[in-house]
Amino acid sequence: MGESNIVVVGGSGFYGRYVVADLLRRPDVRVTVVSRSAPHPAFSSDRVRWAPGDRDAPERLAELLGDAVAVVHCAGPFQALDGPGSHPLGPLRAAVSAGVPYVDICEDRAFLRAASTLARSATAPVLTGASVVPGLQALIVHDLAHGMDRVDTVLCCAAPDTRRHRGPAMFEAMMHGAGLPFTAPRGGVPTVVHGWSEPEWTLFPPPVGRRLVHQVYEMADLDVLAELCGAGTIAFKAGTEFPSVNRALGLFAALRARTGRPRATRHWTPLVRAVSWLVGRVGDEAGGFTVTVSGERGGRPITRRLGMTARQDGGRIPSLLAGIAVDHLLSGRLHTTGLVPLHSWLAPHELRTALRERGIKLWRRDDEDEWRPWQE
């Protein structure tokens, strides 16, 4: 048998490169990286080829899907839905038209809603949100909430590494969401909150440790987790290892929430990205992610927590689920037609095995216990 061709749109970007590296773990895969310009640095594997293209050009993408067995969309930011000169839904439209399985790493609420509508006409699997938010969240919350009579709170926290330099798309999305209002459940009440607000300290498993995290901007978990478990409070928070950086972004968000200015934040992206690069020179490669589910069982309160950490290349955690999904597609274990329910396609033990195979250490913490390694 020949090699299976996987098309990765945005494969030369920060997360796209991690996805490509994950796909190349399989010797039966070759990858077509689609990006506006040639990857720099170039990929070292002869199983990777570059094809010029853009998410904004579905016709060009359709040409590249002729022999593809799947397309993975990593070309953010996903927030600008079909605005002037920006068409993040382009890869999905091309995949649906060609009848090719589709995976993306999108975390945006509006994109997920639009993608879910487009997926109704798909004749192949469509897995949107195969990232930390909402994909990993849905799988883990579904597992941790098993046996609970009621779920009251879901709190997810991310601790990205600061050593590896992100691309402009991530900073553009971050600055765009800082200070913008959106509605999220708080104690069962729809409440207006703002991006990069509600600071709190949280404890991650080693080697990450204690970090200051803030409520991130409007993301797809607000829809997915509400439908999955009906939690009265849903929050996703994140923070770097530098509290001063987190506080500075929080102050910027508070000012924008109060005054509405600056309205456009795109021109801030180069400055913030430069500052991130500077502090990253003394930063750490470790990263982590935690999920806490609190509720009631048998009339008694119960809290369960799962954590994961990567001592090196912690920034790859959001990219892992996409590679796992392609593994399932190639092995015939992911064959749902149309939209794939995020909590249903991967069993808990399969997820934990796949993460360990990728060098991720898993932890658990029940009620007020300390973090301890996850034992099956």
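The values are calculated or read from the model by the stated rules, or taken from the named source; none is laboratory data. Predicted model, so just to flag it, every value in this text is computed and none were measured. Heavy atoms of the whole protein, side chains included, go into the accessibility calculation; ligands, DNA and RNA do not. Shrake-Rupley method; radii C 1.70, N 1.55, O 1.52, S 1.80 Å.
Here the contact order of the chain, divided by its residue count and restricted to Cα pairs under 8 Å and six or more residues apart, works out to 19 percent. Computed in the context of the full set of protein chains, the accessible area of the chain at 1.4 Å probe radius has 54% of its extent on carbon or sulfur. With a ≥ b ≥ c taken as the square roots of the eigenvalues of the C-alpha gyration tensor of the range 237-331, please select rounded if a/c is under 1.5 and otherwise prolate if a/b is larger than b/c or oblate if it is not? Because a/c hits 1.5 or more and a/b fails to exceed b/c, the range 237-331 counts as oblate. Per residue, the solvent-accessible area of the chain (1.4 Å probe, heavy atoms of protein chains only, all protein chains present) comes to 43 Å².
Between rounded, prolate and oblate, where does the range 71-221 land on the alpha carbon gyration tensor, with a ≥ b ≥ c its root eigenvalues, rounded for a/c under 1.5, else prolate if a/b exceeds b/c? Since a/c reaches 1.5 and a/b is larger than b/c, the shape of the range 71-221 is classed as prolate.
Can you bin the chain into rounded, prolate or oblate? Criterion: square roots of the alpha carbon gyration tensor eigenvalues sorted a ≥ b ≥ c, rounded for a/c under 1.5, prolate for a/b above b/c, oblate for the rest. Rounded, because the longest to shortest axis ratio a/c is under 1.5. Taking 0.36 nm per residue of separation and subtracting the current Cα-Cα distance, fully stretching the chain between Arg36 and Arg60 would add 7.5 nm.
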